[in-house]
Amino acid sequence: MNALLLAGGLGTRLKPLTETLPKPMALIANRPWLEHVIVHLKKQGIQNFVIAVKHHPEKIQNHFGNGEKWGITIQYAMEDSLKGTAGAIKNAERYLDDRFIVVNADIVHEIDLNPLLEFHRKHGGNVTIGLTEVDDPTQYGVVQQDGAGRILRFVEKPRLEEAPSRRINAGIYVMEKKVLSFIPPDREVSIERETFPLLITRNAGVYGKVISGYWMDMGTKDRYRRIHWDVLNRVNNLPIPGKESGKGIWLGKNCDIGPGVLLIPPVLIGDNVVIGERSIIGPFSVIGNDCVIGRNVRCSETIMWDRCKINDATHLSNCIFGYDLEMGSKHILHEAVMNRMGVLQA
Ligand code: GTP
């Protein structure tokens, strides 16, 4: 059984970080999320991966190659135009085993696959949708199920009192290959809006099972930040690189921390980071590898990716910076989301 990772979307809501980067390659705790997913699934016994790519596929291919470095195999299903979440699966058909797993590669999760697979084997249907329970179901497609877990319908954005459950599609599926015959090959098709409702109408055996553990999609800037604060607060168990040198202070290798620097937990500093004297970093900050931070800088609730340079006396709060960003001295920035091109969005 192989796993198909859907990683071709445009990531519009996470622009400008995703201007030239597939969203699943966004760093989570200083490592591309897609790498976390692959490592996690490999630990659960998955050896063979297919990645469905479209938006800047070279960023994924250059990073992972054929997967050898991770002890796995990777094949790439390339799309000539955006195919949507079901169209991308159809496009990858030739690479897929008779039973396979599909993962939306922008979902940050810690799934334990076994209960999902066991449930799938037992019910004997064609699809098992991993479900997650949310506090407020009014913004989602909520499932109604029978006692055996079969999905009867999706209710789109219900009013709270009309929601049949708090369970929503978690973007992780076990599928039998025969369901691909329900997906037209030549156009964009959404699995949520088109394929699952069709399969349910045709009584094709679509079941749902609640997955336990952490779940959050990284689709918006707020949720992207939130995932990091959850990592730093150890709400989830995602690996944090570096040594925990004080409670809630993770420090990478070869860092040069100047005199009078204050690291306020929780904070994660990558490898080879330089921080100039009297700067204050944290709380809630993630500094990528090879960043250089000047003197008297203040940085809180901010995530910066590798190789950023922040000059003296600049104050940052609630910012997200992509790779290689250079920021001049004495700037004050709040809620700036920027990449190297200097595009700024509040
Ligand atoms: P937004 O543009 O911000 O809505 O993001 P998105 O379209 O990249 O992501 P969305 O949440 O809609 O999709 C969920 C997952 O499916 C993400 O991991 C996407 O990369 C992936 N995805 C969405 N559309 C496609 C597609 O046409 N092809 C492929 N290969 N993957 C897709």
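Below is a table of values for the structure above.
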item: Of all residues in the range 178-191 being touching a residue at least 24 places away in the same chain (Cβ under 8 Å) and either within 13 Å of the ligand (Cβ to nearest atom) or surrounded by 15 or more Cβ atoms within 10 Å (Cβ to Cβ) (or both), the one that is farthest from GLY87 (Cα to Cα); result: VAL179
item: Scan of the range 192-213 for residues that are touching a strand residue (DSSP E or B) at 6+ places or on another chain (Cβ under 6 Å) and without any contact (Cβ under 8 Å) to a residue 60 or more places away in the chain, ordered by number; result: ILE200
item: Strands (runs of 3 or more DSSP E) (entirely within the range 134-177) containing at least 2 residues that are among the polar types (S, T, N, Q) and more than 16 Å from the ligand (Cβ to nearest atom); result: 141-145
item: Selection within the range 28-52 - within 16 Å of the ligand (Cβ to nearest atom) and hydrophobic (A, V, I, L, M, F, W, C); result: ILE28, TRP33, LEU34, VAL37, ILE38, LEU41, PHE49, VAL50, ILE51, ALA52
item: Strands (runs of 3 or more DSSP E) enclosed by the range 1-92 - at least 2 residues per element that are within 20 Å of ALA170 (Cβ to Cβ); result: 2-6, 48-53
item: Subset of the range 214-229 (residues that are over 17 Å from THR132 (Cα atoms) and either surrounded by fewer than 21 Cβ atoms within 10 Å (Cβ to Cβ) or without any contact (Cβ under 8 Å) to a residue 60 or more places away in the chain (or both)); result: THR220, LYS221, ASP222, ARG226, TRP229
item: Qualifying residue in the range 101-109 (condition: in contact with a helix residue (DSSP H, G or I) (Cβ under 6 Å, 6 or more places away or on another chain), more than 10 Å from the ligand (Cβ to nearest atom) and closer than 18 Å to ASP217 by Cα); result: yes
item: Residue count, the range 249-298 (criterion: in contact with a His (Cβ under 8 Å, 6 or more places away or on another chain) and in a strand (DSSP E or B)); result: 2
item: Cβ-Cβ under 9 Å pairs, at least 6 apart or on other chains, the range 131-154 side closer than 24 Å to GLU118 by Cβ, far side of a type in the set (Val, Ile, Thr) and assigned to a loop (DSSP other than H, G, I, E, B); result: LEU131/ILE211; THR132/ILE211
item: Within the range 53-96, considering residues that are surrounded by 13 or more Cβ atoms within 10 Å (Cβ to Cβ) and of a type in the set (S, T, N, Q), the one nearest to the ligand (Cβ to nearest atom); result: THR85
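The numbers here are math on the coordinates, done by the rules we state, and not lab data. Just so it is clear, the structure is predicted and the values come from calculations on it, not from any experiment. So basically every Cβ, Gly included, is an ideal-geometry build from the backbone, and we count neighbours across all protein chains shown.
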